[in-house]
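Just below is one structure, and these are the notes that go with it.
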Amino acid sequence: MAGEWAKLSLREAKVTLIDCDHRTPPASESGYPYVAIPQLRNGRIDLSNVRRITREHFDEWTQKAKPSANDVVLSRRCNPGETAFVPPDLEFALGQNLVLLRADGTTVYPPFLRWLVRGPEWWEQIGKFLNAGAVFDSLKCADVPKFELRIPPMEEQRAIAHILGTLDDKIELNQRMNETLEAMARALFESWFMDFDPVRSKAEGRDPGLPQPIADLFPDRFEDSELGEIPKGWRVAPLPEVIDVNPTRALRKGVVAPYLDMANMPTRGHAPDAVVDRPFGSGMRFVNGDTLVARITPCLENGKTAYVDFLAGVYGGLMSKSPSTQ
């Protein structure tokens with residue numbers, strides 16, 4: 001039973017914190033990944049838009065902290081407490097404000113460590129040791145080994161790691177399938193509404209290759225506009241004329257509601273990595289059916305967008321804080 005598990009500090013559990021080199025190496029067009037805070041996504045390391053560094057800088061930056069399989073990467077700032085496990089055969093250098101957690105295997109089964117540092121007890125410890133800052137909240141390296149967590153017996157750790165690892169691999173596979181479908185949808189959207197391929201085909205007397213009811217929706221000629229040629233009958237309009245941008249909605253300060261921050265806005269797929277309940281303070285509110293778009297750099301350039309379809313119960317039509325203000 002979980003209540004009977006021994007409660008130990010990470011230091012007592014022989015989980016070591018390894019600090020990194022707090023500098024940023026120059027970028028290279030190719031080479032080794034330099035993993036920074038944005039690459040920690042939903043417990044995994046996402047190499048999308050990762051900085052690359054040369055072999056020379058990789059060797060230099062990994063002298064102090066070289067990640068190994070089953071290590072856990074921990075963010076100390078921006079999104080303090082966020083973690084991601086190190087998979088086998090992934091070589092990378094660790095970015096600023098990240099540290100490694102490494103189990104020696106005597107008390108904590110190394111593949112179980114990734115799950116140990118993602119549960120409610122972990123976040124309770126984050127709240128206990130978090131240092132509020134003027135710009136970013138942060139964790140001190142000296143405090144992390146003091147975190148106290150309940151540690152199951154080794155055999156239970158092995159069983160938990162196996163079950164959760166299998167489920168997590170299935171989730172990752174499904175996510176990749178969804179990304180493939182999304183890429184197909186993006187390509188179709190670009191063809192129809194940016195390159196106007198169906199209109200171009202009809203204007204040139206060619207078969208657009210679409211079912212007739214869909215083909216009939218596209219005109220067979222172009223006309224000039226301030227943006228250049230557009231399909232005849234279509235119009236150019238400012239975005240606020242056709243959709244509501246930042247609609248005004250009421251939500252009392254202090255009401256506990258779903259909250260989404262910028263760190264959990266997706267760059268792949270439409271679903272955010274995590275939504276948590278917290279008292280509302282200020283910012284934009286959203287409801288199911290809204291599309292959230294990052295409005296600050298570099299998140300805007302990285303394509304951070306989300307479609308809101310995850311609010312349930314009373315919150316399905318209630319507002320929460322938008323990541324656009326984060």
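The values are calculated or read from the model by the stated rules, or taken from the named source; none is laboratory data. Note that the structure is a prediction, hence the values are computed from the model and not measured. In this analysis, Cβ positions are derived from the backbone assuming ideal geometry, glycine residues included, and neighbour counts consider all displayed protein chains.
Among (1) surrounded by fewer than 14 Cβ atoms within 10 Å (Cβ to Cβ); (2) over 30 Å from ARG11 (Cβ atoms), where does GLU155 come up short?
(2)
If you go through segment 164-186 one residue at a time, do you hit one that is within 28 Å of LEU113 (Cα to Cα) and in contact with a helix residue (DSSP H, G or I) (Cβ under 6 Å, 6 or more places away or on another chain)?
Taking every residue of segment 164-186 in turn, at least one turns out to be within 28 Å of LEU113 (Cα to Cα) and in contact with a helix residue (DSSP H, G or I) (Cβ under 6 Å, 6 or more places away or on another chain).
Failed condition for ARG118, given (1) in contact with a Gly (Cβ under 9 Å, 6 or more places away or on another chain); (2) not assigned by TED's automatic domain parsing to the domain that holds ALA6, with all others met?
Unmet condition: (2).
In this structure, is PHE136 surrounded by fewer than 15 Cβ atoms within 10 Å (Cβ to Cβ), under 27 Å from ASP71 (Cα atoms) and either not assigned by TED's automatic domain parsing to the domain that holds VAL72 or not aliphatic (A, V, I, L, M) (or both)?
Numbers: surrounded by fewer than 15 Cβ atoms within 10 Å (Cβ to Cβ): yes; under 27 Å from ASP71 (Cα atoms): yes; either not assigned by TED's automatic domain parsing to the domain that holds VAL72 or not aliphatic (A, V, I, L, M) (or both): yes.
In short, yes.
Do we have ILE171 as assigned by TED's automatic domain parsing to the domain that holds LYS14 and not hydroxyl-bearing (Ser, Thr, Tyr) here? Show your work before the answer.
Working: assigned by TED's automatic domain parsing to the domain that holds LYS14: no; not hydroxyl-bearing (Ser, Thr, Tyr): yes.
The answer is no for ILE171.
Working only within segment 278-303, note down all residues that are modelled with pLDDT of 80 or more, of a type outside the set (D, E, K, R) and assigned to a strand (DSSP E or B).
Quick first cut of segment 278-303, residues modelled with pLDDT of 80 or more only: 285-294.
Still in the running and of a type outside the set (D, E, K, R): 286-289, 291-294.
Once the filter is applied, which keeps residues that are modelled with pLDDT of 80 or more, of a type outside the set (D, E, K, R) and assigned to a strand (DSSP E or B), segment 278-303 yields THR291, LEU292, VAL293.
Enumerate the strands (runs of 3 or more DSSP E) found wholly within segment 1-54, keeping only those where 3 or more residues are closer than 16 Å to SER75 by Cα. Quick ask: steps written out before the conclusion?
Numbers: elements: 6-9, 15-19, 32-35, 51-53.
Passing ranges, in order: 15-19.
Which is not in a loop (DSSP other than H, G, I, E, B) and not basic (Lys, Arg), of PRO80, PRO111, PRO87?
Values: PRO80 fails: not in a loop (DSSP other than H, G, I, E, B); PRO87 fails: not in a loop (DSSP other than H, G, I, E, B).
One residue alone meets the criteria, PRO111.
Being of a type in the set (A, V, I, L, M), more than 25 Å from LYS140 (Cβ to Cβ) and either in a loop (DSSP other than H, G, I, E, B) or over 23 Å from the mean Cα position of the chain (by Cα) (or both) narrows it down to one residue among ALA69, ALA65; which is it? Even if it seems obvious, please write down each step before you answer.
Numbers: ALA65 fails: more than 25 Å from LYS140 (Cβ to Cβ).
It is ALA69.
Just checking, how many residues over segment 214-237 are surrounded by 15 or more Cβ atoms within 10 Å (Cβ to Cβ) and assigned to a loop (DSSP other than H, G, I, E, B)? Break it down stepwise before answering.
Restricting attention to segment 214-237, the residues satisfying the condition of being surrounded by 15 or more Cβ atoms within 10 Å (Cβ to Cβ) are 215, 218-220, 222, 230-231, 234.
Within this subset, residues satisfying the condition of being assigned to a loop (DSSP other than H, G, I, E, B) are 218-220, 234.
Looking only at that region, the number is 4.
What residue, of VAL50, VAL15, VAL73, VAL35, is under 25 Å from LEU167 (Cβ atoms), aliphatic (A, V, I, L, M) and touching a helix residue (DSSP H, G or I) at 6+ places or on another chain (Cβ under 8 Å)? Step through it out loud before you land on a result.
On the way: VAL50 fails: under 25 Å from LEU167 (Cβ atoms); VAL73 fails: touching a helix residue (DSSP H, G or I) at 6+ places or on another chain (Cβ under 8 Å); VAL35 fails: touching a helix residue (DSSP H, G or I) at 6+ places or on another chain (Cβ under 8 Å).
That would be VAL15, the only listed residue that is under 25 Å from LEU167 (Cβ atoms), aliphatic (A, V, I, L, M) and touching a helix residue (DSSP H, G or I) at 6+ places or on another chain (Cβ under 8 Å).
Please specify each residue of segment 173-213 satisfying the condition of being surrounded by 12 or more Cβ atoms within 10 Å (Cβ to Cβ) and of a type in the set (Val, Ile, Thr).
Listed by number, the list holds a single entry, VAL199.
Among (1) in contact with a helix residue (DSSP H, G or I) (Cβ under 9 Å, 6 or more places away or on another chain); (2) of a type in the set (A, V, I, L, M, F, W, C); (3) modelled with pLDDT under 90, there is one condition PHE85 misses while meeting the rest; what is its number?
(3)
Among the residues of segment 232-263, which ones are acidic (Asp, Glu) and modelled with pLDDT of 90 or more?
Here is the first cut: in segment 232-263, the residues acidic (Asp, Glu) are 241, 244, 261.
Scanning segment 232-263 gives a single hit, GLU241.
Modelled with pLDDT of 95 or more, farther than 24 Å from ILE53 by Cα and outside the structural domain of ALA274 (by TED's automatic domain parsing): does that describe PHE129?
Values: modelled with pLDDT of 95 or more: no; farther than 24 Å from ILE53 by Cα: yes; outside the structural domain of ALA274 (by TED's automatic domain parsing): yes.
Judged against the criteria, PHE129 is not a match.
For segment 139-152, which residues satisfy the criterion of being surrounded by 13 or more Cβ atoms within 10 Å (Cβ to Cβ) and without any contact (Cβ under 8 Å) to a residue 24 or more places away in the chain?
Result: ASP143, single match.
So which residues in segment 238-277 are in a strand (DSSP E or B) and surrounded by fewer than 14 Cβ atoms within 10 Å (Cβ to Cβ), if there are any at all? Step through it out loud before you land on a result.
Applying the first criterion (in a strand (DSSP E or B)) to segment 238-277 yields 256-259, 276-277.
Within segment 238-277, VAL256, VAL276, ASP277 qualify.
Could we say that LEU94 is modelled with pLDDT under 95, surrounded by 20 or more Cβ atoms within 10 Å (Cβ to Cβ), within 18 Å of PRO67 (Cα to Cα) and not polar (S, T, N, Q) here?
On the way: modelled with pLDDT under 95: yes; surrounded by 20 or more Cβ atoms within 10 Å (Cβ to Cβ): yes; within 18 Å of PRO67 (Cα to Cα): yes; not polar (S, T, N, Q): yes.
For LEU94, the condition - modelled with pLDDT under 95, surrounded by 20 or more Cβ atoms within 10 Å (Cβ to Cβ), within 18 Å of PRO67 (Cα to Cα) and not polar (S, T, N, Q) - is met.
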